[in-house]
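Q: There's a structure below that I have some questions on.
The values are calculated or read from the model by the stated rules, or taken from the named source; none is laboratory data. Here the structure is a predicted model, which is why all the values come from computation and not from measurement. Every residue, glycine among them, receives a Cβ derived from its backbone with ideal geometry; neighbour counts consider all protein chains shown.
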Amino acid sequence: MKKLIVTSALSVITLMAFSQEKQTRTPEMRAKKVTEKMAEKLNLTDEQKEKVLEVNLKKAQEMEELKKEMQALKEKRKKLKAQHDEEMKSILSEEQYQKYIEMREEMKKKHHEKKMKHLHEQESSEE
């Protein structure tokens, strides 16, 4: 039992470290790693490696910028939602507001189910 707990704890620590390492990689680090894998698998020449690294670096930098933009949009959406909720709360009675929240959660659930069904259908058609 003790051995199982220790093993589980070590697994969690390893996963956390791996996750943090992945999050802190710079675009340069990601581009270099991808290029190294490609060079190995594709047997690239030195000249090709140099050009591939440039292309991979450009992509990694653009993806990093896109990631920042997406995060900013996510935060903006979250603020808009909170503002909307506050405005609705000021208009509706407490009972109406609770029904509104339930209604919104139900719509969210239906949207998720529809999305999952669509993804499943796509997977099925690809087979």
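Q: Before we move on, is Lys22 outside the structural domain of Arg104 (by TED's automatic domain parsing), exposed (fewer than 10 other Cβ atoms within 10 Å of the Cβ) and modelled with pLDDT under 95? Step through it out loud before you land on a result.
A: Values: outside the structural domain of Arg104 (by TED's automatic domain parsing): yes; exposed (fewer than 10 other Cβ atoms within 10 Å of the Cβ): yes; modelled with pLDDT under 95: yes.
Criteria met by Lys22.
Q: Test of understanding: among Lys59, Lys78, which residue is exposed (fewer than 14 other Cβ atoms within 10 Å of the Cβ), at pLDDT 95 or above, part of a helix (DSSP H, G or I) and not acidic (Asp, Glu)?
A: Details: Lys59 fails: exposed (fewer than 14 other Cβ atoms within 10 Å of the Cβ).
Answer to the check: Lys78.
Q: Checking Val34 against (1) more than 21 Å from the chain's Cα centre (by Cα); (2) surrounded by 11 or more Cβ atoms within 10 Å (Cβ to Cβ), which single condition isn't satisfied?
A: Here Val34 meets the rest and fails (1).
Q: Yes or no: the range 61-69 includes at least one residue that is closer than 30 Å to Lys37 by Cβ, in contact with a helix residue (DSSP H, G or I) (Cβ under 6 Å, 6 or more places away or on another chain) and aliphatic (A, V, I, L, M). Break it down into steps so the answer makes sense when it comes.
A: Of the residues in the range 61-69, the ones closer than 30 Å to Lys37 by Cβ are 61-69.
If we keep only those that are in contact with a helix residue (DSSP H, G or I) (Cβ under 6 Å, 6 or more places away or on another chain) too, we end up with 61, 64.
When the remaining residues are screened for being aliphatic (A, V, I, L, M), the result is none.
Checking the range 61-69: not a single residue is closer than 30 Å to Lys37 by Cβ, in contact with a helix residue (DSSP H, G or I) (Cβ under 6 Å, 6 or more places away or on another chain) and aliphatic (A, V, I, L, M).
Q: Another question, if that's okay. Select from the range 85-95 the residues that are surrounded by 12 or more Cβ atoms within 10 Å (Cβ to Cβ) and part of a helix (DSSP H, G or I) and list them in ascending order. First the steps, then the outcome.
A: At the first step, the residues of the range 85-95 found to be surrounded by 12 or more Cβ atoms within 10 Å (Cβ to Cβ) are 85, 88-89, 92.
Once the filter is applied, which keeps residues that are surrounded by 12 or more Cβ atoms within 10 Å (Cβ to Cβ) and part of a helix (DSSP H, G or I), the range 85-95 yields Asp85, Met88, Lys89.
Q: While we're looking at this one, here's another question. Residues in the range 63-92 that are under 30 Å from Arg25 (Cα atoms) and hydrophobic (A, V, I, L, M, F, W, C): how many? Explain how you work it out, then say what you get.
A: Start the filter on the range 63-92 by keeping residues that are under 30 Å from Arg25 (Cα atoms), which leaves 63-79.
If we keep only those that are hydrophobic (A, V, I, L, M, F, W, C) as well, we get 63, 66, 70, 72-73.
Here the count works out to 5.
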